[in-house]
Amino acid sequence: MNEFELIDKILALLGDTIHGDGISVGPGDDAAVLSTGADEQLVVTTDVLIEGTHFPSGSRSDLIGYRAIAVNLSDIAAMGAEPRFLTVALTLDQIDDEWVKGFAKGIAFCASKYGVKIVGGNIARGALSLAVTAIGVVPTGQCLLRSTARVDDD
């Protein structure tokens, strides 16, 4: 079973919990699109990065931090939205000051480069992994979707 087949299977099991007022685009695209009642919609995405799967063991912590932010901002951009906010959750098996400094520098560099603010997160003890949530905005009805994308779209 590939990633998309697994997602479809899980979505089918979630039933009506993935549909409702305010949900313009739910699970299954690069990001969710949520109506705010204003003239813009929120675009929300989360990615998990696991050591040994999404980045090699022993990778530089600044590069891990940068990549964790960049992959989420890429999903926001793919939807045609402007990134605004991030949350970062980090699981570490041990605390190493130099590793943490590099990681924070990588996150800060990427967030600053794209004008995004970090608004929260979590830290827990365990195998090295990260979960980043990015939140962006797009004018209502202007979101780019996988289902409507065409070759040569800008």
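The values are calculated or read from the model by the stated rules, or taken from the named source; none is laboratory data. Just so we're clear, the structure is a prediction, and the values are computed from it rather than from any experiment. Counting neighbours? That spans all protein chains shown, and the Cβs are built from the backbone with ideal geometry, glycine included.
Put simply, of ALA78, ALA111 the only residue that is aliphatic (A, V, I, L, M), at pLDDT 80 or above and within 28 Å of ALA127 (Cα to Cα) is ALA111.
Do you know which residues across region 44-77 are out of contact with any strand residue (DSSP E or B) (no Cβ under 7 Å at 6 or more places or on another chain), under 16 Å from ALA89 (Cβ atoms) and either surrounded by 19 or more Cβ atoms within 10 Å (Cβ to Cβ) or in contact (Cβ under 8 Å) with a residue 24 or more places away in the chain (or both)? Selection gives SER61, GLY65. Considered as a group, the residues in region 1-43 that are aliphatic (A, V, I, L, M) and in a strand (DSSP E or B) include one that is surrounded by the fewest Cβ atoms within 10 Å (Cβ to Cβ), and that residue is ILE23. Being surrounded by 18 or more Cβ atoms within 10 Å (Cβ to Cβ), out of contact with any His (no Cβ under 6 Å at 6 or more places or on another chain) and aliphatic (A, V, I, L, M) is not true of VAL100.
Of all residues in region 1-17, none that is at negative phi has its Cβ atom under 6 Å from the Cβ atom of a residue that is part of a helix (DSSP H, G or I) and among the acidic types (Asp, Glu), 6 or more apart or on another chain. Restrict the check to region 139-151 and report whether at least one residue is outside any loop (DSSP other than H, G, I, E, B) and modelled with pLDDT of 90 or more. Scanning region 139-151 turns up at least one residue that is outside any loop (DSSP other than H, G, I, E, B) and modelled with pLDDT of 90 or more.
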